[in-house]
1. About the Cα centre, and with charges only on the beta carbon of Lys, Arg (+1) and Asp, Glu (-1), how big is the dipole of the chain? Nearest 20 debye, please.
2. Can you pull out the GluC sites (Glu not before Pro) in the stretch 14-81 that DSSP calls coil and that have at most 13 other Cβ atoms within 10 Å?
3. Treat the count of other C-beta atoms within 10 Å as a stand-in for reagent exposure and order Tyr73, Tyr5, Tyr43 from fewest to most.
4. Hey, what angle do you get for helix 70-83 against the long axis of the chain, alpha-carbon based, 0 to 90 degrees rounded to 10?
5. Mind checking the stretch 51-82 for trypsin sites (Lys or Arg not before Pro) that DSSP puts in a loop (not H, G, I, E or B) and that have at most 14 other Cβ atoms within 10 Å?
6. Less than 29 Å apart at the alpha-carbon level, and either on another chain or at least 8 residues along: which lysines does that give for Lys57?
7. Per the helix-only calculation at 222 nm, which mean residue ellipticity applies to the chain, given -39500 (n - 2.57) for every DSSP H run of n ≥ 4 and division by its residues, nearest 500 deg cm²/dmol?
Amino acid sequence: MKTNYRRCISCRKIGLKQEFWRIVRVFPSGQVQLNEGMGRSAYICPQTECLSAAQKKNRLGRSLHASVPETLYQVLWQRLAQSNPHSSNLTGTT
């Protein structure tokens, strides 16, 4: 079977499809959601830098040709915090 490669919309890194989060603008409703449905897709690395840049510069919205709800970004930040338990210690006390 052919290997599926995708590119992060933020850092432009190319990697296997499984390495990225998939955000979809569902056809025909135009609803933007995470990992489900058929329609226009954008891929992003599960990293703080990529998510921050994508949100700040509206890279998801431009890539999907749709407005991305703030709740989707909140879900992505929560997912990132769960996948990187040590990242919450960056603001820790000494």
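Where a number appears in this text, it was derived from the coordinates with a stated rule and is not lab data. Only a predicted model underlies this, so the values are computations on that prediction, with no experimental measurement involved. Virtual Cβ from ideal backbone geometry, glycine too; neighbours counted across all protein chains shown.
1. On the way: 14 positive and 4 negative charges, 96 e Å.
Computed charge dipole of the chain: roughly 460 debye.
2. Details: sites: Glu19, Glu36, Glu49, Glu70; in loops: Glu36.
Qualifying residues, ordered by number: Glu36.
3. Values: Tyr73 15, Tyr5 12, Tyr43 20.
Least to most surrounded, the residues fall as Tyr5, Tyr73, Tyr43.
4. Roughly 50 degrees, rounded to the nearest 10.
5. On the way: sites: Lys56, Lys57, Arg59, Arg62, Arg79; in loops: Lys57.
Counting only loop positions with at most 14 other Cβ atoms within 10 Å, the trypsin sites (Lys or Arg not before Pro) in the stretch 51-82 are Lys57.
6. Lys13, Lys17
7. Numbers: 3 runs with 29 residues, N = 94.
Result for the chain, helices only: -9000 deg cm²/dmol.
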